[in-house]
Amino acid sequence: MSINYNIKADQILGILGYNQPAGEGFLNGFERENNVKLPLCLRNFYKVAYKCPLLSTADIWTDDMFFYYKQIKEEIEDFKKDYWDDPEADDEDIERTSFWKFLYEIPEEQWPEHVADYLEIGSDYGAGVVRYGICADDLDKDDPPVYKIFEDDELTEWKLLCNSLSEYLFMVICDVLLCTDYYTAGYILQENDWNYNLCSYDEIEEAAELTGIDISTMKSQENFSRGKVTCGYDEERKMLIVAGIYEGDKYPFVVCNISKN
């Protein structure tokens, strides 16, 4: 059994039937409106992932993206109305929003000296307490790093999440297909006539041998999730195989086999 583990997120979606460039118009419109050129890796993914139902509960937005500065401007307008222009505003609220007020009082051209701009592309689905983005200065790279920021962090506290966008997208897809938090993928794939089998095992090495998974291909999700994942395609059997190791769980080895009925 020969499994190709050298596949990317957009290729995985293509195998599952999402192979039409549905997002081309969205991407072109976004680039024109914002006068930017999006990274090749992001374009390749969005072409097939745009409004993809499989990703409706994933940690990436499939029909939207926006710049951090736009969000800051909206927050400034809210804070100005609620606090800065209100003579009865609480001193704690005024102090808490002092950095936004500082940005409001200086020309926007000077903002990059104090806070970097990011292209926000996703958040943790459900809770929404952490957002993911690409530094605007990295948009000229084909496969730039991805950063994260929590809702209670300072505006400047973006931290490295993944060394590359392709890594982030791969982790997202694996989490989706393994139904780590939601069973969305299982329902949708079965509705579309896919044979979807998800199994859990308590012995990692024994289960890996049984299922034919090469655990040396597992990629750590240390900064993104809680375990290690891998995904490969068996061309001979026309089967997508996804696996995750979640040490500490009762059944730490999870394997998903997906093939067309």
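Treating only the Cα positions of the range 37-192 as identical point scatterers, give the base-10 log of I(q)/I(0) from the Debye formula at each q in 0.16 Å⁻¹.
Scattering profile of the range 37-192, log10 relative to I(0): -0.94.
For GLU209 and LYS73, FRET efficiency with R0 = 45 Å and r from the beta-carbon atoms, rounded to 0.05?
Approximately 0.20, to the nearest 0.05.
Looking at the range 142-261 from every direction and averaging, what is the projected area of its Cα convex hull in nm²?
9.4 nm²
When the label point is put 7 Å from the Cα of TRP84 along its Cα-to-beta-carbon vector, which residues of the range 105-135 have a backbone N closer than 11 Å?
Answer for this model: 105-107.
When the dipole is taken about the Cα centre of the range 157-261, and only Lys, Arg (+1) and Asp, Glu (-1) are charged at their Cβ, what size is it in debye, to the nearest 20?
In total the dipole reaches around 280 debye.
Jot down the per residue volume, in cubic angstrom and as a whole number, of the convex hull over the alpha-carbon atoms of the range 1-90.
For the range 1-90, the hull spanned by Cα atoms encloses 151 Å³ per residue.
Testing the spin-label approximation: label points 7 Å from Cα along Cα→Cβ at ASN4 and PHE150. State their distance in nm.
4.1 nm
Using the crude model of +1 on Lys and Arg Cβ and -1 on Asp and Glu Cβ, and no other charge, please compute the dipole size for the chain relative to its Cα centre, in debye to 20.
So the magnitude is around 1560 debye.
Ignoring ligands, DNA and RNA, what percent of the accessible area of the chain is carbon or sulfur (1.4 Å)?
About 43 percent, which is the carbon plus sulfur part of the accessible surface.
Ordered by residue, what ³J(HN,Hα) values in Hz, to whole numbers, does the range 182-196 give under the Karplus form 6.51 cos²θ - 1.76 cosθ + 1.60, where θ = phi - 60° and Gly and Pro are x?
In residue order, the calculated couplings are 9, 8, 3, 4, x, 5, 5, 5, 5, 5, 9, 6, 9, 8, 10 Hz.
How much FRET efficiency would the formula 1/(1 + (r/R0)^6) give for TYR187 and LYS141, where r is the Cβ-Cβ distance and R0 is 35 Å, rounded to 0.05?
In this case the efficiency is close to 0.45.
For semi-axes √(5λ) of the Cα gyration tensor in Å, which listed value, [x] 33, 22, 16; [y] 25, 21, 18; [z] 39, 21, 16, comes from the coordinates shown?
Structure-derived value, by its label: [z].
I'd like the Karplus ³J(HN,Hα) series for the range 115-127: coefficients 6.51, -1.76, 1.60, θ = phi - 60°, whole numbers in Hz, and an x wherever there's a Gly or Pro.
Running phi through 6.51 cos²θ - 1.76 cosθ + 1.60 with θ = phi - 60° gives 8, 7, 8, 9, 8, 7, 10, x, 7, 6, 5, x, 7 Hz.
Using the per-residue mean of other Cβ atoms lying within 10 Å as a proxy for protection, in what order, highest first, do the peptides 39-49, 242-252 fall?
Per-residue Cβ counts within 10 Å, averaged per peptide and sorted highest first, yield 39-49, 242-252.
Please give the helix 24-34 orientation as an angle from the longest Cα principal axis of the chain, in degrees from 0 to 90, rounded to the nearest 10.
For helix 24-34, the angle is close to 20 degrees.
Treating the angle as unsigned and between 0 and 90°, give the value, to the nearest 10°, between the Cα long axis of helix 165-177 and the longest Cα principal axis of the chain.
On a 0 to 90 degree scale, this one is about 60.
Output the relative contact order of the range 19-142, whole-number percent, from Cα pairs under 8 angstrom with separation of 6+ residues.
Over the range 19-142, the number comes to 29 percent.
Please tell me the relative contact order of the chain in percent, rounded to the nearest whole number, where contacts are Cα pairs under 8 Å and at least six residues apart.
About 19 percent, as a whole number.
The values are calculated or read from the model by the stated rules, or taken from the named source; none is laboratory data. Predicted, not measured: the structure shown is a model, and the values here were computed from it. Don't worry about glycine lacking a Cβ; one is built from the backbone with ideal geometry, like all the others, and counts go over all protein chains shown. Side chains are part of the model used for accessible areas, which takes the heavy atoms of the whole protein and leaves out ligands, DNA and RNA. Shrake-Rupley method; radii C 1.70, N 1.55, O 1.52, S 1.80 Å.
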